Amino acid sequence: MKNYISILKRTSLFSGVAEDDILSMLSCLGARLSSYKKGEYVFCQGEHLRDITVLVEGSLHIQNDDYWGNRSILSTISVGEMLGEAYVAPESGAFPNDVIAMEDSVVIFLDVHRMLTTCSSACRFHAMVVQNMFFTISEKNRRLVQKLGHMSKRTTREKLISYLSEEAKRCKSQSFSIPFNRQQLADFLSVDRSAMSNELCKMRDEGLLEFEKNQFKLL
């Protein structure tokens, strides 16, 4: 656990908490460390979650496969990001998606009940972590609204323009990389991969952008 303290210090959940205090808080919050190989499931659809999860190594995809095997990528989880907070309340029901490691990954599980109740040892940074969790949830909701904005576009080109424009703004640069390969991007935008690839080529030929694998430059 000590190997990941410096990473946790940079997360939004532990923002403002000193490294020495984080280790004490992890014990207070019943932290557990777990490793997953690429392709392994961290959570499966239908599970009931009891912990908040923080990714400290690797990357994860939250995805959903329908009855016929059609896949939608709902979100990516990068190092330092949290997941599961929306489904740990008693009445939240089962988790509706799968969470899969896209590379060898390590996560830390935190007991949400310990996080939300008064600490018996009265650790001084407990309230700060609760406040940080609220702000983190707010930020994730903002990103979901952004995705809904991409999804609301009618055509594949409009969805691509919406998503790539947002990524350029987020990176504050016309050149940037995205966390998806072609199939994953198609799954994220809920479009056909071939149609999307054709549209990207048309946009490149029209001088709107340049791309190489997951590297893009808007012109």
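The values are calculated or read from the model by the stated rules, or taken from the named source; none is laboratory data. Quick caveat, the model's predicted, so the values are computed rather than measured. Glycine also receives a Cβ, built like all others from the backbone with ideal geometry; neighbour counts cover every protein chain displayed.
I'd like the full set of residues that are of a type in the set (D, E, K, R), touching a strand residue (DSSP E or B) at 6+ places or on another chain (Cβ under 7 Å) and part of a loop (DSSP other than H, G, I, E, B), limited to the stretch 80-103.
Of everything in the stretch 80-103, just one residue is of a type in the set (D, E, K, R), touching a strand residue (DSSP E or B) at 6+ places or on another chain (Cβ under 7 Å) and part of a loop (DSSP other than H, G, I, E, B), namely Glu81.
What residue, among those in the stretch 141-161 that are among the charged types (D, E, K, R) and without any contact (Cβ under 8 Å) to a residue 24 or more places away in the chain, is nearest to Ser197 (Cα to Cα)?
Among residues in the stretch 141-161 that are among the charged types (D, E, K, R) and without any contact (Cβ under 8 Å) to a residue 24 or more places away in the chain, the one nearest to Ser197 (Cα to Cα) is Glu158.
Do any helices (runs of 4 or more DSSP H) entirely within the stretch 133-219 hold 2 or more residues that are loosely packed, with under 12 Cβ neighbours inside 10 Å, and if so, which?
Once the helices (runs of 4 or more DSSP H) in the stretch 133-219 are filtered for at least 2 residues that are loosely packed, with under 12 Cβ neighbours inside 10 Å, what remains is 156-171, 193-205.
Please verify whether the stretch 7-21 includes one or more residues that are crowded, with 20+ Cβ neighbours inside 10 Å and within 19 Å of Ala89 (Cα to Cα).
Yes, some residue in the stretch 7-21 is crowded, with 20+ Cβ neighbours inside 10 Å and within 19 Å of Ala89 (Cα to Cα).
When you scan the stretch 61-70, do you find a residue that is part of a helix (DSSP H, G or I) and either in the same structural domain as Val191 (by TED's automatic domain parsing) or buried (at least 16 other Cβ atoms within 10 Å of the Cβ) (or both), even just one?
Checking the stretch 61-70: not a single residue is part of a helix (DSSP H, G or I) and either in the same structural domain as Val191 (by TED's automatic domain parsing) or buried (at least 16 other Cβ atoms within 10 Å of the Cβ) (or both).
Confirm whether Val106 is outside any helix (DSSP H, G or I) and of a type outside the set (Ser, Thr, Tyr).
yes
For every residue, the table says whether it meets (1) modelled with pLDDT under 95; (2) of a type in the set (Gly, Ala, Ser); (3) not assigned by TED's automatic domain parsing to the domain that holds Glu57.
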site	(1), (2), (3)
Val107	no, no, no
Thr117	yes, no, no
Ser121	yes, yes, no
Glu139	yes, no, no
Arg143	yes, no, no
Leu185	yes, no, yes
Phe188	yes, no, yes
Val191	yes, no, yes
Leu200	no, no, yes
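Answer yes if at least one residue in the stretch 32-49 is at pLDDT 90 or above and within 23 Å of Ser138 (Cα to Cα), and no otherwise.
Yes, the stretch 32-49 has at least one match.
Would you confirm whether or not the stretch 26-39 contains a residue that is basic (Lys, Arg), surrounded by fewer than 20 Cβ atoms within 10 Å (Cβ to Cβ) and in contact with a helix residue (DSSP H, G or I) (Cβ under 7 Å, 6 or more places away or on another chain)?
So far as the stretch 26-39 goes, no, none of its residues is basic (Lys, Arg), surrounded by fewer than 20 Cβ atoms within 10 Å (Cβ to Cβ) and in contact with a helix residue (DSSP H, G or I) (Cβ under 7 Å, 6 or more places away or on another chain).
Which ones in the stretch 1-32 are out of contact with any Ser or Thr (no Cβ under 7 Å at 6 or more places or on another chain), hydroxyl-bearing (Ser, Thr, Tyr) and assigned to a loop (DSSP other than H, G, I, E, B)?
Across the stretch 1-32, the qualifying residues are Thr11, Ser15.
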